[in-house]
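Okay, structure first, notes after.
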Amino acid sequence: MENAGGRRRRPFALAAALVASSAPATAADAFSTEWARAAKSEARMVAAGGALAGFEIRLAPGAITYWRNPGDAGVPPAFDFSRSDNVAEVEVSFPAPKRIKEADGGEAFGYDAGVVIPLKVEPRDPGKPVTLALSVNYAVCEKLCLPARGDFRLTLPGAASPYAAMVASALAAAPRLVAPEAFGALTGDAAAGWRLCATHAAGAARDLFVEPPDGWWVTAAPAPGDPEQDCFAISLRERPKDAALPVSLRLTMTGGSGPVETTVSVR
């Protein structure tokens, strides 16, 4: 896996579609906004309950969009909730990503068939209604990367929502936070590289995504080992000038019995 910090970026095409998609979306029904449409995508916000919403992106065939760490190229979505009413905090829960090979030889981390990103809302006053306002910028790539933007505003209802199951499914696809000792055994050092081994679990093949701080570049790849374990070799490729260890790494493992994540400090 390659960290986004310091790595190459695919150029973005400034398209007329960006202008079209930046117009505020109006409510389609009590539980969703209208779609904000761009050249290769459309997006909307849906309400799943009084304190839960979702940001949904639908993609044109062949197009992709990005996780919070985009991999070799692209940019992650950027969310702004500052115009919301009665909102203390919004937690953005990204579903686990997949590796996507790109035409230029790079590797992206994200989604290729659309995605619903859950938004968990903490009201300032639980006894009053919440109006969630979202301004979002995200990237959609095929041969070129196109920036897209949407502005949405939606009051989260107390009544049952027809989108509740959809957002709940997306929440279930987000990595579950676990303690480092429950994630796997991590050995080694920066000079020789680290090795992470987790007890093998039935299910989809496991993959490992590593997120270091900005400016660091870390790779992870499957490593041979005991068939009762799923192992990965983690290597430090680059770090900022004068940056010292230890460094904190955010680890996300997919596959097996479901995605999990943790944060470790390594030397």
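The values are calculated or read from the model by the stated rules, or taken from the named source; none is laboratory data. This structure is a prediction, so every number in the text was calculated from the model and none was measured. Because the Cβ atoms are built from the backbone with ideal geometry, glycine has one as well, and the counts that use them run over all protein chains shown.
At a glance:
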| item | result |
| --- | --- |
| Positions within the stretch 25-41 being part of a strand (DSSP E or B) and crowded, with 21+ Cβ neighbours inside 10 Å, in sequence order | 32, 33, 36, 41 |
| Given (1) within 22 Å of the chain's Cα centre (by Cα); (2) assigned to a strand (DSSP E or B); (3) of a type in the set (Val, Ile, Thr), number of the condition residue 155 does not satisfy | (1) |
| Selection count, the stretch 91-106, where residues are in contact (Cβ under 8 Å) with a residue 12 or more places away in the chain and more than 15 Å from the chain's Cα centre (by Cα) | 4 |
| Residue selected from the stretch 139-163 under the condition under 30 Å from residue 208 (Cα atoms) and out of contact with any Leu (no Cβ under 8 Å at 6 or more places or on another chain), by the criterion modelled with the highest pLDDT | 141 |
